[in-house]
Amino acid sequence: MTRNADTEHSSRVSSEWIEWASKPNHDAFWAYRESLIAFIGRGEGEALDVGCGEGRVSRELKACGYRVTALDPVLELVNAAKDAGSADDYAIASGTDLPFGDARFDLVMAYNVLMDVEDVSATLKEIRRVLRPAGMLVISIVHPFSDRGRFANTEANSPFVIQDGYFGSKRFEDTEERDGLRMRFAGWSRPLEAYATALEDAGLAITSLREPVPQAGDEWNRMQRWNRIPLFLWLKARRLALR
């Protein structure tokens, strides 16, 4: 496996991420969890979780009825997923070099992964290769619009301020601290067109698009701002016949 800057960063912060993501109701994932499960839907067959992290999405895929392979380029993260019993099988590999034969999986999940890789096109081409002809790719990314701005304050009606131009790709690094935990994030901010073009070039067609809102409830008061601006963008895509 070739290690790149993205993998090196994930390796450096793997212990932070395991602690951050394993704490229930700690980050935004939990406010969208039920909607994500509904978007995936019940299914059966073989599923691949690309960039599985500590395994929380792999567990949801299993609950949806799939037999799950959890894959990540970082050994520490795969070990954490394995220790938690998140999947049925595990693999250590990059999304640009998947260690599987052609047309292996009925579903591939790329949950908040494509923002973390520099070569989105290569990753999507590999994903298409391992998808069965009737298979489905499910993608979650931080919404390209929300990625280019910040709320002015923590109030529910806070103005959303665009800090950078929307177009073009930009490397980002940020640190969040909450409830005594610290997480260093890094990745790439891109417009929606960049993802759509990469899907098209890989021979994949978007079949569904959602801009989810967070779950209601007192524990999610801090998420109320995201009822006005979408935090995540979810896509489903299927294989096109290559010419």
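Readers should treat all values here as calculations from the given coordinates under stated rules, not as data from a laboratory. In this text, all values refer to a predicted model and were calculated from it rather than measured experimentally. Neighbour counts run over all protein chains shown; Cβ positions are idealised from the backbone, glycine included.
Structure notes:
- Residue order, fewest to most surrounding Cβ atoms within 10 angstrom, among LEU124, LEU233, LEU209, LEU204: LEU209, LEU233, LEU204, LEU124
- Average Cα contact separation per residue, the chain, under 8 Å, 6 or more apart, as relative contact order %: 18
- Ranking GLY51, TRP20, GLY101 by Cα position along the charge dipole of region 1-120, where only Lys, Arg, Asp and Glu carry charges on their C-beta atoms, puts TRP20 farthest toward the positive end.
- Region 5-239 - share of DSSP beta bridges that are antiparallel (%, nearest 5): 60
- Net charge of Cβ neighbours under 14 Å - reference PRO133; Lys, Arg +1; Asp, Glu -1: +3
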